[in-house]
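**Student:** Would you mind keeping the following structure in view while I ask a few things?
The values are calculated or read from the model by the stated rules, or taken from the named source; none is laboratory data. This one's a predicted model, so the numbers in the text were calculated from it and none came from an experiment. Reconstructed Cβ throughout: ideal geometry from the backbone, glycine too, with neighbour counts over all protein chains shown.
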Amino acid sequence: MTIKSVFIILSLFILAVPLIIQTSHAESVVQVKNSSQSITLDMQNMTCAMCKFTIKKALQGVEGVQKADVDFDSKMATVTFDPQKTNSEALINATTRAGYPATVHSSNN
Ligand SMILES: [Cu+2]
């Protein structure tokens with residue numbers, strides 16, 4: 001084996017590594033999607049723009065919550081969560097404890 005062929009084999013290996021990493025990353029993203037559910041909550045007691053940070057923090061503190069977005073203008077919270085770890089009742093309990101009772105937005109029913 002010449003030095004040149006060793007170099008070519010090494011180059012091919014180095015080029016393949018990012019592909020392997022990308023593939024495994026793509027698989028984990030799909031797995032997250034399969035165990036995700038999104039709901040929208042109608043929030044009560046939102047009186048100012050800062051309230052959304054309090055609500056967001058309360059939602060993110062619930063185990064299984066992957067993403068929480070709160071919109072002050074519409075007074076709605078959109079939550080993405082793992083349905084095997086939590087549910088809408090637990091999410092509403094968390095916001096209620098923080099001072100913001102909520103109901104599941106009707107379009108989810
Ligand atoms: Cu406020």
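**Student:** From the list 68, 90, which residue is out of contact with any strand residue (DSSP E or B) (no Cβ under 6 Å at 6 or more places or on another chain) and at negative phi?
**Tutor:** 90 is the lone residue from the list that is out of contact with any strand residue (DSSP E or B) (no Cβ under 6 Å at 6 or more places or on another chain) and at negative phi.
**Student:** So, in the range 41-72, of the ones that are within 11 Å of the ligand (Cβ to nearest atom) and part of a helix (DSSP H, G or I), which residue ends up nearest to residue 92 (Cα to Cα)?
**Tutor:** Among those residues, the one meeting the criterion is 55.
**Student:** I've got another one for you. I need the full set of residues from the range 78-105 which are in a loop (DSSP other than H, G, I, E, B) and closer than 17 Å to residue 36 by Cβ, in order please. Explain how you work it out, then say what you get.
**Tutor:** Initially, the range 78-105 is screened for residues in a loop (DSSP other than H, G, I, E, B), giving 82-87, 98-101, 105.
Within the range 78-105, 82, 83, 84, 85, 86, 87 meet the criteria.
**Student:** Within the group 56, 75, which residue is modelled with pLDDT of 95 or more, under 13 Å from the mean Cα position of the chain (by Cα) and over 15 Å from residue 35 (Cα atoms)? Can you show your working first?
**Tutor:** Values: 75 fails: under 13 Å from the mean Cα position of the chain (by Cα).
None of the other options fit; the residue is 56.
**Student:** Let me ask something else about it. Does residue 98 satisfy being within 16 Å of the ligand (Cβ to nearest atom) and within 14 Å of the chain's Cα centre (by Cα)? Give the derivation first.
**Tutor:** Numbers: within 16 Å of the ligand (Cβ to nearest atom): yes; within 14 Å of the chain's Cα centre (by Cα): no.
No; evaluated as a whole, the condition is false for this residue.
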